[in-house]
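Undergrad: Mind having a look at this structure? Questions to follow.
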Amino acid sequence: MKRSHLKTLGTVAFLAVVAVLGVWYVRGHADDFRRILEIDAGSFAWLSLMSFAAIWLAGQMVAVLVTIFGARLGGWEAFGLSAANTMANFYVTKGGMAAKGIYLKRHHEFSYTHFLSTLAGAYVISLVTYGVLGAVAYLILAGSHVHLDVLGVFAALIVGGLMPLAVPVMNERLLRRLPARVLRVIEGWNTVRRHRRRLAWLAALNAGFVIVGGLRLFVAYRALGYHVGVLPCVVISALQTITVIFTLTPGAVGIRQALAGYGSAALDIGGAEGVVASTIDHAVGTLWVFIIGFIFTNWLWIRGLRPRGGAK
């Protein structure tokens, strides 16, 4: 059997396991999940508004990255591309990244090499930002009652992001042994690291993305009757942002909820409460992603296929 077939079967088997576990968990906590139906209009409106903010922040990250190679994205264009990218991830894991690369190539003559390079280099900033913000928020919150496993997750993100900085001390033989994906990240970082102002702005956008995610969880907890502070929600949001980089399921469905449950349990809020709050947050965000994504997919795709200069 070909390697690609084995990979496909492995993915299908993994998704099947996730689906079975998800159904089992929902049935075991049916009363908690029924509370989702009780969400009020005000909470829905706030979750919707912050979902728009998250889409905008993700779009601005792309807009900042492409300027490194001289491309320019308009505000609405970046917003729409972000929504379309997220929507595509629900169809195929990492499908949004491929669609984004195709659009940038066709409409902005942005080469796939440049796209992968900037994207890989951006992982460095994202990992370090998520790790540092999550660790600082968790240490402030936990005080002397620190769970080393939670802190270890944030430390791993920071170490992973700082790896490219160790390249100068690595010999050529060691570099050749690194996986191709790691080498691509290193090459991408070498490309973008000279643009310090853009990297600082990118770090700020990533931090804003985590904070907005925390505020979304804060509203979701309150909508379900769980009185949880903002800081714990920021910690859980930082854990969930791992799915932005390491996508295991379409739209990160199930994985986001599992990470929220893990973080919520570690913070003594309750695992089931975290899963339910994350579910309502994810559901509202997904609703708007599909509405906005559908509208902008048609607009962006038509625009992307149109020759530059407006020729027909």
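Undergrad: By per-residue mean of other Cβ atoms within 10 Å, what is the highest-first order of 124-132, 41-49? Don't skip to the answer; put the middle values down first.
TA: Values: 124-132: 22.6, 41-49: 14.9.
The packing order, highest mean first, is 124-132, 41-49.
Undergrad: Using a 10 Å cut-off around each Cβ, can you sort 106, 72 from fewest to most neighbouring Cβ atoms?
TA: 72, 106
Undergrad: Let me ask something additional. Using 0.36 nm per residue of separation minus the Cα-Cα distance, give me the extension gain between residue 294 and residue 149 in nm, one decimal.
TA: Additional length available on full extension: 48.2 nm.
Undergrad: Obtain the nm distance between the two label points defined at residue 140 and residue 194 by a simple spin-label model: each point lies 7 Å from its Cα along the Cα-to-C-beta direction.
TA: With each label point 7 Å from Cα toward Cβ, the separation is 3.7 nm.
Undergrad: Let me ask you something else. Using each residue's phi in the stretch 74-85, evaluate 6.51 cos²θ - 1.76 cosθ + 1.60 at θ = phi - 60° and report the 3J(HN,Hα) Karplus result to the nearest Hz, with x for Gly and Pro.
TA: With coefficients 6.51, -1.76 and 1.60, one gets x, x, 5, 5, 5, 4, x, 5, 5, 5, 5, 5 Hz.
Undergrad: How long is the gain from residue 72 to residue 105 if the chain were fully straight, where each residue apart is worth 0.36 nm and the alpha carbon distance is subtracted?
TA: Answer, rounded to one decimal: 10.6 nm.
Throughout, read-outs are computed from the coordinates displayed, never taken from laboratory work. Model, not experiment: these values are computed from the prediction. Backbone-built Cβ (ideal geometry, glycine too); neighbour counts: all protein chains shown.
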